[in-house]
Amino acid sequence: MPEVVLTCDWTMMSNHNGKEFLGFGTTTPALVLPEAAYRRLFYPEMKTDADGHPQMAPYGLRKVEASLIDGGFDARIIHPSFLSRYMPGEAKVLLISGHDYLALNPPSTTFAGIMKKEPLNRVNFMRMMRQPHVVEARRRGMKIIAGGPCAWQLSPVTRQKLGWIDEFVREIGGIDTVVEGEADLYVREIVGKALRGEPLPEHVIIPPKEAPKVEQISTMRYASVNGLTEIGRGCCRGCSFCSVTQRPTRWYPLEKIEAELAINRSVGITDGLLHSDDVLFYGSPNIMPREEKILPLMQMAKKYYEHVGWSHVAVATLMTKPNLLPKIHDILCTGSQSWWGVEIGMETGSPRLITKAMPGKVAPFRASQWPELVVQAAGLLNDNSVYPACTFIVGLPQETEEDVIKTIDLFDDLWDFKAILVPMFFVPLGHLEKKDWFKRDMVTERQKELMTRALSHGIRQSRDLLNVFFENKEGFSGRAYRTAFASFIGFIEFIAREKGLMSEPKRDSRTPIESPLLHPERIPLPTIPVR
């Protein structure tokens, strides 16, 4: 029995039916349909062995687990449904992680604000922490340490802002330490103190300058959810609303990446994701993609996975070397793979807002070119069988009505773009962390028009993409999945029409989605230090 148990709630401890993007479904409330229906669609139960060790676990949790094991600790990830076997009892320290504990991140805040109901991720996290055996273990002295990308939600600062969080933390008996930042190395120090019974700090923020170097980051020991494998950390674009850009840029060597690909493949994972904040930056010291680095990475990934996807890429990166994506397509779209997905932060259609809040996002192009860049990137993506999820921010502190109109115009230009457009309420992170959350009662008529346009586009395109999305699920299982999700899309459309939330472009002539034509004059490229 391990002394140190790591876990997350049920919405995270799932493979989301083998489709990472479906994890977004856990950020919605269970509306009209019972929670069990949402669970089956978006976060089915993860398989475990008899001791509650999950077949796959979230990647970040796997990295912390590996660091502790490498440090000599008796530590393992345990499925939340099996915690009663370990506590109260042998477990002396409980480490919890997640992407959105209390649904304070986008898109959870957007769905919760619109639907006026708690999202599933918050419901499940609170349910996990309120389990009687967890509360009893805490009463007997077990230490609880919270970390992960959303650790800030449990920090004293956030608890002071939002009293209901403080009330919840007191209800479960408290949380000893909240750790923000890259804790690959620090986790050994804090867990060691907890096991020795030493006083623990209430809140720790690991500054970017103390982020681990590549050689200090442990290689995971067991498989990650949906074969997700990190290829690097950090982003150099410097968007004011993002905390990731504050971290140094580091790239893993191919052999480090391959070791984790092999671990995932060894348990039968055939579809996987390459993860970084911009996959096309791989191996580059600046914002110019390096073909000699990225193509070998794609070739290696394809040796292990039948279907390779990406976590993130930027519009400007795609358009800096538009001839690179077709070469990647020829590597990935072989065998049973005919497409791949990625998340893209398009954020706005307003060049003014680009200049104010995210000037690095458009480099090496000019902010005035942003809408045209986005439309041509859409053409480039679809021409090469890439069907992305594209996020937009609603309610940035600098946003004006004219900015919203520009984004609506961009949505209209993207009406035939095979993608999902996801508007999300502004959340105060990064350099804007002292600003206030954007809330439902702040939504203007123009912003409502923007969100209804995105919803209408999403319903239209998701129907077209359904067969593509589940192409690798054949037979009765495949038909069942397609039928279930087609029914769910129909249900969303029915609700939207009943509430008057559907809208279509009002312009007769829309910008055609076509391949890149831009060849703008380049600005000098800065060199970004790589650790």
Open item on the list: Within region 287-304, does at least one residue satisfy the condition of being buried (at least 23 other Cβ atoms within 10 Å of the Cβ), on the phi > 0 side of the Ramachandran plot and under 21 Å from the mean Cα position of the chain (by Cα)?
Closed with: no
Task: The listed residue being among the aliphatic types (A, V, I, L, M), more than 28 Å from HIS79 (Cβ to Cβ) and within 21 Å of the chain's Cα centre (by Cα), out of ALA211, ALA183 - done: ALA211
- [ ] Look at LEU102 and say whether it is of a type in the set (A, V, I, L, M, F, W, C), out of contact with any Ser or Thr (no Cβ under 7 Å at 6 or more places or on another chain), buried (at least 21 other Cβ atoms within 10 Å of the Cβ) and farther than 22 Å from LEU200 by Cα.
- [x] yes
TODO: Look through region 128-151, keep the residues that are touching a helix residue (DSSP H, G or I) at 6+ places or on another chain (Cβ under 9 Å) and surrounded by fewer than 20 Cβ atoms within 10 Å (Cβ to Cβ), and return whichever of them is nearest to ILE190 (Cα to Cα).
DONE: PRO149
Open item on the list: touching a residue at least 24 places away in the same chain (Cβ under 8 Å) and assigned to a helix (DSSP H, G or I): is that true of TRP164 in this structure?
Closed with: no
TODO: Would you mind stating whether THR7 is more than 15 Å from ASN121 (Cα to Cα) and among the hydroxyl-bearing types (Ser, Thr, Tyr)?
DONE: no
Open item on the list: Given the criterion surrounded by 13 or more Cβ atoms within 10 Å (Cβ to Cβ) and modelled with pLDDT of 80 or more, identify the matching residue among LEU450, LEU525, LEU501.
Closed with: LEU450
Open item on the list: Can you find, within region 264-286, the residue that is surrounded by the most Cβ atoms within 10 Å (Cβ to Cβ) among those that are assigned to a loop (DSSP other than H, G, I, E, B) and in contact with a Leu (Cβ under 6 Å, 6 or more places away or on another chain)?
Closed with: TYR282
Task: Scope region 255-270; condition in contact (Cβ under 8 Å) with a residue 40 or more places away in the chain and within 28 Å of THR320 (Cα to Cα); matching residues - done: LYS256, ILE257, GLU258
TODO: Residues being crowded, with 20+ Cβ neighbours inside 10 Å and over 17 Å from THR110 (Cβ atoms): count how many of those fall in region 20-42.
DONE: 1
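This table checks each residue for (1) assigned by TED's automatic domain parsing to the domain that holds PRO201; (2) in contact with a Pro (Cβ under 8 Å, 6 or more places away or on another chain); (3) modelled with pLDDT of 95 or more.
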position	(1), (2), (3)
LYS92	yes, no, yes
HIS99	yes, yes, no
LEU104	yes, no, no
GLU118	yes, yes, no
MET126	yes, no, yes
MET129	yes, no, yes
ALA137	yes, yes, yes
LYS161	yes, no, no
ILE175	yes, no, yes
Open item on the list: Residue under question is SER243, and the condition is that it be under 22 Å from CYS150 (Cα atoms), modelled with pLDDT of 90 or more, surrounded by fewer than 21 Cβ atoms within 10 Å (Cβ to Cβ) and outside the structural domain of LEU185 (by TED's automatic domain parsing); does it hold?
Closed with: no
TODO: Hey, can you tell me all the residues within region 460-475 that are surrounded by fewer than 18 Cβ atoms within 10 Å (Cβ to Cβ) and at pLDDT 70 or above?
DONE: ARG460, ARG463, ASP464, LEU465, LEU466, ASN467, VAL468, GLU471
Open item on the list: Looking only at residues that are outside any helix (DSSP H, G or I), out of contact with any strand residue (DSSP E or B) (no Cβ under 9 Å at 6 or more places or on another chain) and touching a residue at least 24 places away in the same chain (Cβ under 8 Å) in region 167-199, which one is nearest to ASP9 (Cα to Cα)?
Closed with: ASP184
Open item on the list: Condition first: touching a Gly at 6+ places or on another chain (Cβ under 8 Å) and either farther than 25 Å from LYS19 by Cα or of a type in the set (Phe, Trp, Tyr) (or both). Now tell me which residues in region 252-282 satisfy that.
Closed with: TYR252, PHE281, TYR282
Task: Check on VAL64, modelled with pLDDT of 95 or more and either among the aliphatic types (A, V, I, L, M) or outside the structural domain of GLY192 (by TED's automatic domain parsing) (or both) - done: yes
Open item on the list: Give all pairs with beta carbons closer than 7 Å in which a residue from region 391-411 that is within 15 Å of TRP370 (Cβ to Cβ) and assigned by TED's automatic domain parsing to the domain that holds PRO371 meets a residue that is of a type in the set (Ser, Thr, Tyr) and assigned to a helix (DSSP H, G or I); count only pairs at least 6 apart in sequence or on separate chains.
Closed with: PHE392/THR407
- [ ] Run ALA496 past the list (1) in a helix (DSSP H, G or I); (2) surrounded by fewer than 15 Cβ atoms within 10 Å (Cβ to Cβ); (3) modelled with pLDDT under 80 and report the number of the one that doesn't hold.
- [x] (2)
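The values are calculated or read from the model by the stated rules, or taken from the named source; none is laboratory data. On a predicted model such as this, the values are computed, not experimentally measured, just so you know. FYI the Cβ positions are ideal-geometry reconstructions off the backbone, even for glycines, and counts take in every protein chain you see.
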